[in-house]
1. Could you please tell me which pairs satisfy a Cβ distance under 6 Å, a separation of 6+ or placement on different chains, a first residue in segment 294-306 that is under 13 Å from Leu270 (Cβ atoms), and a second residue that is assigned to a helix (DSSP H, G or I) and not basic (Lys, Arg)?
2. Within segment 389-402, count every residue that is open to solvent by less than 10 Å² (accessible area, probe 1.4 Å) and closer than 24 Å to Val483 by Cα.
3. From the residues in segment 229-252 that are assigned to a helix (DSSP H, G or I) and open to solvent by less than 70 Å² (accessible area, probe 1.4 Å), which one is nearest to His475 (Cα to Cα)?
4. Does Leu517 fit the bill of being crowded, with 17+ Cβ neighbours inside 10 Å, out of contact with any Gly (no Cβ under 8 Å at 6 or more places or on another chain) and either within 30 Å of Glu350 (Cβ to Cβ) or in contact (Cβ under 8 Å) with a residue 40 or more places away in the chain (or both)?
5. Check segment 54-61 and report whether any residue there is open to solvent by less than 80 Å² (accessible area, probe 1.4 Å), modelled with pLDDT of 85 or more, out of contact with any His (no Cβ under 9 Å at 6 or more places or on another chain) and among the aliphatic types (A, V, I, L, M).
6. Which residue is modelled with the lowest pLDDT, if the candidates are limited to segment 537-551 and must be within 15 Å of Val603 (Cα to Cα) and of a type in the set (A, V, I, L, M, F, W, C)?
7. State whether one or more residues within segment 291-303 are outside any helix (DSSP H, G or I), over 26 Å from Gly376 (Cα atoms) and in contact with a helix residue (DSSP H, G or I) (Cβ under 6 Å, 6 or more places away or on another chain).
Amino acid sequence: MPSRKFADGEVVMGRWPGSVLYYEVQVTSYDDVAHLYTVKYKDGTELALKESDIRSQSSFKHRKSQSSSSSPSRRSSSRSRSRSPGRPAKGRRRSASQSREHKDDKKKTIQETNLALLVLVLFKPSENNTKRYNGEPESTEKNATSCIILEQKLKPDLEIKRVLEQYSLRSRKDEKKKEEIYSEKKTFVAVKPVEKVPTKTKELEFGGRIGTFMLIFLLPATVFYLLLMCKQDDPSLLNLPPLPALESLWDGRVFGVCLLWFFLQAVFYLLPVGKVVEGLPLSSGRKLQYRINGFYAFILTAAAIGVLLYFQFELHYLYDHFMQFAVSAAVFSMALSIYLYVRSLKAPEEELAPGGNSGYFIYDFFTGHELNPRIGNFDLKYFCELRPGLMGWVVINLAMLLAEMKIHNLSVPSLSMILVNSFQLLYVVDALWNEEAVLTTMDITHDGFGFMLAFGDLVWVPFVYSLQAFYLVGHPTTITWPVAAAITVLNCIGYYIFRSANSQKNNFRRNPADPKLANLKFIPTATGKGLLVTGWWGFVRHPNYLGDIIMALAWSLPCGFNHILPYFYVIYFICLLVHREARDEHHCKQKYGLAWERYCQRVPYRIFPYIY
């Protein structure tokens with residue numbers, strides 16, 4: 001095994017991925033397995049580099065010209081001598097051609113230095129470092145128009161060519177070193193940028209091993225408690241429900257229906273309809289492909305439910321066996337989580353999740369050990385994110401609507417039930433219509449697929465998010481049309497904020513140079529990405545969370561104010577998004593360094609303007 005060349009804490013010169021420029025970095029650690037150095041740039045950015053991309057500072061002494069190495073007085077005398085054709089240089093008479101060559105060399109040297117400085121200003125990744133930071137956000141803001149001009153005028157190949165030819169990072173007397181630089185150029189262009197390979201997770205979230213162990217039991221218990229409370233005539237917090245008999249919680253037929261539903265959605269997912277898109281780059285630089293056909297699957301699901309209703313299938317069977325369906329879904333999610341963890345033990349290092357590779361069984365089992373587990377082209381995490389649980393939520397709501405009509409002998413559903421079904425149906429349809437946007441979320445790009453997401457997607461979403469509809473079946477609430485209109489307006493406001501903010505972010509991430517986004521200002525970062533400081537993202541740091549919370553409140557208001565139980569969703573959702581915002585804050589600070597601090601100064605409020 002080769003020994004390491006650079007020690008921890010040593011200040012060296014590291015090549016920036018995707019470029020031929022070197023910057024001063026500090027070695028923080030070394031991975032003996034991957035043979036990669038973790039280095040830290042001046043702006044706080046941390047990357048993993050190969051040893052071939054790191055050089056000592058002594059090898060980066062710039063070539064000094066004759067004028068730059070002399071004092072002012074010597075420079076003036078030197079210029080005087082060069083203008084005198086009759087004065088020999090160092091005992092030898094210079095010919096006219098030699099004199100012209102000498103002048104041309106000096107001009108070329110000056111041009112090379114000026115252009116090298118220009119390239120460094122334009123392409124230096126740490127534009128938001130402490131030297132540029134002066135407290136004025138506008139000094140580092142850019143807009144999409146500047147990106148278009150930059151892309152048109154300065155192509156990557158031209159940049160590499162000019163820097164290699166005109167910015168001296170080598171001794172020009174050594175021709176072998178010159179050939180090595182040019183060979184490195186050819187090799188580097190052909191290889192994708194090397195980013196940080198996932199290493200052991202050092203910072204544990206969710207309370208670490210003890211916290212995740214407790215959550216494995218607490219989450220199912222919370223779901224069952226909420227469903228039992230909704231069944232009571234008086235669902236107050238102090239009125240604890242009696243525990244049901246264990247044999248009443250399991251029904252093989254119900255479990256079979258759950259399996260049928262899961263595999264039906266899997267068949268819809270595999271249909272060769274819809275476009276295929278690429279996700280964000282992984283740590284290895286590779287991009288996975290995803291088929292976008294969630295909305296088509298929803299239409300097929302709606303057609304299948306319509307056929308069942310046409311043949312008089314009693315959909316309120318879901319309401320009668322709701323607790324058994326929840327238990328069956330929980331058992332299935334646990335079995336799926338065990339399978340995911342076992343298969344992750346054989347996954348390559350680069351396919352492991354950055355936040356689920358701690359080496360602790362319970363923690364990795366909960367958070368997810370493998371980032372994108374796939375069976376062939378079937379992506380398990382992406383499939384579960386939007387398909388079985390989200391569409392199941394809509395089917396459950398419909399079942400509750402039909403159960404309300406049957407139990408209370410109604411010819412039409414109550415206004416409260418119609419509002420809850422309509423609001424949540426809009427939310428699900430929007431998610432499926434904008435399915436591609438989920439590829440940029442933390443669930444897909446950062447979190448592994450373990451118990452947390454498996455249980456959340458297959459149990460928590462369909463059975464907790466439908467709590468308002470389930471509550472209204474046993475506790476009907478009458479609201480007036482003016483109140484219904486006010487709640488509808490509130491939901492529309494939340495939806496507008498949620499959708500416009502997400503669309504703005506996703507479009508900017510996909511193509512920052514889009515002419516439609518030319519009016520957006522952003523703070524450039526060392527990673528090459530920009531932080532929006534105009535539009536919704538200049539109002540608060542997470543405007544999509546704000547819209548989500550407003551909609552959650554609108555979903556609960558039709559249930560009235562007799563009990564707090566139907567407001568569990570909005571309370572939980574605020575806690576969830578505040579916690580997720582804290583996770584985002586931590587990750588973004590590590591990723592963007594001083595650029596994120598500047599963004600926080602420009603946009604001080606996290607979710608709630610003027611409050612938090």
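1. Qualifying pairs under 6 Å: Gly294/Leu386; Gly294/Leu432; Gly294/Glu435; Ala297/Phe268; Leu300/Phe268.
2. 2
3. Here the answer is Cys230.
4. Yes.
5. Among the residues of segment 54-61, at least one is open to solvent by less than 80 Å² (accessible area, probe 1.4 Å), modelled with pLDDT of 85 or more, out of contact with any His (no Cβ under 9 Å at 6 or more places or on another chain) and among the aliphatic types (A, V, I, L, M), which makes the answer yes.
6. Top of the filtered list is Trp537.
7. no
Yes/no matrix, rows are residues, columns are (1) open to solvent by less than 40 Å² (accessible area, probe 1.4 Å); (2) among the polar types (S, T, N, Q); (3) in contact (Cβ under 8 Å) with a residue 12 or more places away in the chain; (4) farther than 30 Å from Leu226 by Cα:
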residue	(1), (2), (3), (4)
Phe508	yes, no, yes, yes
Ala513	yes, no, yes, yes
Lys521	no, no, yes, yes
Trp536	no, no, yes, yes
Ala554	yes, no, yes, no
Phe561	no, no, no, no
Ile564	no, no, yes, no
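The values are calculated or read from the model by the stated rules, or taken from the named source; none is laboratory data. Predicted model only: the values in this text are computed from it and were never measured. Quick reminder, even Gly has a Cβ in these numbers, built from the backbone with ideal geometry, and neighbours come from all protein chains shown. To get the accessible areas, we keep the full protein, side chains included, count just its heavy atoms, and leave off ligands, DNA and RNA. Shrake-Rupley method; radii C 1.70, N 1.55, O 1.52, S 1.80 Å.
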